[in-house]
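The values are calculated or read from the model by the stated rules, or taken from the named source; none is laboratory data. Here the structure is a predicted model, which is why all the values come from computation and not from measurement. Heads up, the Cβs are rebuilt from the backbone with ideal geometry, glycines too, and the neighbour counts pull from every protein chain shown. Areas reflect the complete protein model, heavy atoms only, side chains present, ligands, DNA and RNA absent. Shrake-Rupley method; radii C 1.70, N 1.55, O 1.52, S 1.80 Å.
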Amino acid sequence: TNSLLAYGFLWLYYNEYAMYRQIYKSTANIRNCAVLVRDVPTSETVAAINAKLQWLFPGEIARIAPVFASWSISRKQSKLMDAIIKLEKAEAFLLKKNKRPTHKTKLFGGEKVDSIDTYTAEVHRIRREIH
């Protein structure tokens, strides 16, 4: 019976929420929408972007919040996290087996190298590239 009571209250509150949401969405409020502008040159300043959008839509823009994505940094951060995870696994192997781990540089026929030294160097190299 408690479950039925809880479901009943949830249904009532959801209906009320849905009604207010429809009212809000139907009003001509300038804050009701957001526009995503892609492929803006990185040489553009925030002030220049603001000026161009204000010229295109005079008096209709309440706020502009540009977000600049750097895909090369994101890829490098992903590679850094992979290298850190591999380094941590190699260090855990050293602690567990009391033996330095090694791995091959290539899938077939690569030379064996010390995993801890290799991944430490890789982490430092990627960090220098990012910063």
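In the chain, excluding the sites themselves, the longest stretch lacking any of the GluC sites (Glu not before Pro) that are in a DSSP loop with at most 10 other Cβ atoms within 10 Å is 1-59. Which pairs break 24 Å Cα to Cα here: Lys89/Lys112; Lys76/Lys99; Lys25/Lys52; Lys52/Lys76; Lys76/Lys96? From Lys89/Lys112; Lys76/Lys99; Lys25/Lys52; Lys52/Lys76; Lys76/Lys96, over 24 Å: Lys76/Lys99; Lys25/Lys52; Lys52/Lys76; Lys76/Lys96.
Solvent exposure of Val46, expressed as accessible area, is near 70 Å², computed with a probe of 1.4 Å over the protein chains only.
Estimated from helical segments only, the mean residue ellipticity of the chain at 222 nm is -20500 deg cm²/dmol, where each DSSP H run of four or more residues counts as -39500 (n - 2.57). Given a 1.4 Å probe and the protein chains as shown, Lys86 ends up with an accessible area of around 100 Å². Using a probe of 1.4 angstrom and keeping all protein chains present, the accessible surface of the chain works out to 88 square angstrom per residue. Per atom type, the chain shows carbon and sulfur on 59% of its accessible surface, probed at 1.4 Å.
When His103, His131, His124 are compared by accessible surface with a 1.4 Å probe, the order from highest to lowest is His131, His124, His103. Summing Lys and Arg as +1 and Asp and Glu as -1 over all other residues whose Cβ lies under 14 Å from the Cβ of Lys76 gives a net charge of +2. In this structure the amide hydrogen of Thr102, modeled in the peptide plane, comes within under 5 Å of the amide hydrogens of Ser115, none closer than 5 places in sequence on its chain. With loop membership from DSSP and a limit of 10 other Cβ atoms within 10 Å, the longest segment of the chain without chymotrypsin sites (Phe, Trp or Tyr not before Pro) is 1-67. In this structure Arg127 has an accessible area near 110 Å², from a 1.4 Å probe over the protein heavy atoms.
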